[in-house]
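Q: Below: one structure in structure tokens.
Computed from the coordinates by the stated procedures, all read-outs in this text should not be read as laboratory data. What you see is a predicted model, and the numbers here were worked out from it, not measured in a lab. Here the Cβ is made from the backbone with ideal geometry for all residues, glycine too, and neighbour counts use every protein chain on show.
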Amino acid sequence: MTDTNDPSSQKVVLCYGDSNTWGYDPATRTRFGPTTRWTGVLAQNLGPGFRVIEEGLNGRTTVFDDPLSPGRNGLTYLLPCLESHCPVDLVTIMLGTNDLKQRFNHSASDIAEGAGLLADFAKRYARRTDGSPATILLMAPPPIVNLTEFDLMFEGACEKSRQFGTYYERVARWNAVPFLDAGQVIVSSELDGIHFDADQHVKLGEAVAAKVRSLLAEA
């Protein structure tokens, strides 16, 4: 019988993302508690047979350097991240919202291709205990709504973000990785238009847990 409390027998899920994986609370502008964040909900739903690693960073992009926020390029940090936490069984990637900032001026298609590059990179370097490739789950962030304090920073982003589901699904297919459209599960907060309210963290965590169980059962 497998001891699910033995770390060596647990399935490891690495969640790679931005402030919405970090757990930014749009009401307080601080961080939600560990059990409120969708990654915490994911861990609770998966149970003791799994270990969930949170790798969220405020302002992280897919593959672009931000001149105003150094160290946010998701591609630059991905390999060190994967090697730091190796071995892993599954990696979720949910990035692209910060790429919508007006100063980058990228299309939804370009942003999705950046996310696809991350997925392909993770496919090549993320490994399980036995050396086989980890499962990579590419997630499209939900659309931006009702921009308030971030309206100038994300000028023109709402329309682009509504195209994420279509383009991310396409690059997931190109890179032969599973896909989850978060916009079909949750909505962004009306408080700032970008981050997730607590109840949406619950919905997303539960949806990702179901997807993870299904994918690892197939692996």
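Q: Considering (1) out of contact with any helix residue (DSSP H, G or I) (no Cβ under 9 Å at 6 or more places or on another chain); (2) surrounded by fewer than 18 Cβ atoms within 10 Å (Cβ to Cβ); (3) among the charged types (D, E, K, R), say which one residue 169 fails and leave the rest.
A: With respect to (1) out of contact with any helix residue (DSSP H, G or I) (no Cβ under 9 Å at 6 or more places or on another chain); (2) surrounded by fewer than 18 Cβ atoms within 10 Å (Cβ to Cβ); (3) among the charged types (D, E, K, R), residue 169 is out only on (1).
Q: Quick one: is residue 219 under 24 Å from residue 121 (Cα atoms), touching a residue at least 40 places away in the same chain (Cβ under 8 Å), among the small types (Gly, Ala, Ser) and surrounded by 21 or more Cβ atoms within 10 Å (Cβ to Cβ)?
A: no
Q: Check every one of the helices (runs of 4 or more DSSP H) wholly within the stretch 136-219 and list those with 2 or more residues that are farther than 25 Å from residue 29 by Cα. Outline the logic, then answer.
A: Working: elements: 157-161, 164-174, 198-218.
Once the helices (runs of 4 or more DSSP H) in the stretch 136-219 are filtered for at least 2 residues that are farther than 25 Å from residue 29 by Cα, what remains is 164-174, 198-218.
Q: Would you pick out the residues in the stretch 31-65 that are part of a helix (DSSP H, G or I), of a type in the set (A, V, I, L, M, F, W, C) and under 16 Å from the mean Cα position of the chain (by Cα)?
A: Answer for the stretch 31-65, where residues must be part of a helix (DSSP H, G or I), of a type in the set (A, V, I, L, M, F, W, C) and under 16 Å from the mean Cα position of the chain (by Cα): 38, 41, 42, 43.
Q: Of 62, 39, 92, 21, which residue is touching a helix residue (DSSP H, G or I) at 6+ places or on another chain (Cβ under 8 Å), free of Cβ contacts under 8 Å to residues at least 60 places away in the same chain, β-branched (Val, Ile, Thr) and within 22 Å of residue 177 (Cβ to Cβ)?
A: Working: 39 fails: free of Cβ contacts under 8 Å to residues at least 60 places away in the same chain; 92 fails: free of Cβ contacts under 8 Å to residues at least 60 places away in the same chain; 21 fails: free of Cβ contacts under 8 Å to residues at least 60 places away in the same chain.
Going through 62, 39, 92, 21 in turn, just one is touching a helix residue (DSSP H, G or I) at 6+ places or on another chain (Cβ under 8 Å), free of Cβ contacts under 8 Å to residues at least 60 places away in the same chain, β-branched (Val, Ile, Thr) and within 22 Å of residue 177 (Cβ to Cβ): 62.
Q: Name the one entry in 113, 83 that is farther than 18 Å from residue 207 by Cα and touching a helix residue (DSSP H, G or I) at 6+ places or on another chain (Cβ under 7 Å).
A: 113
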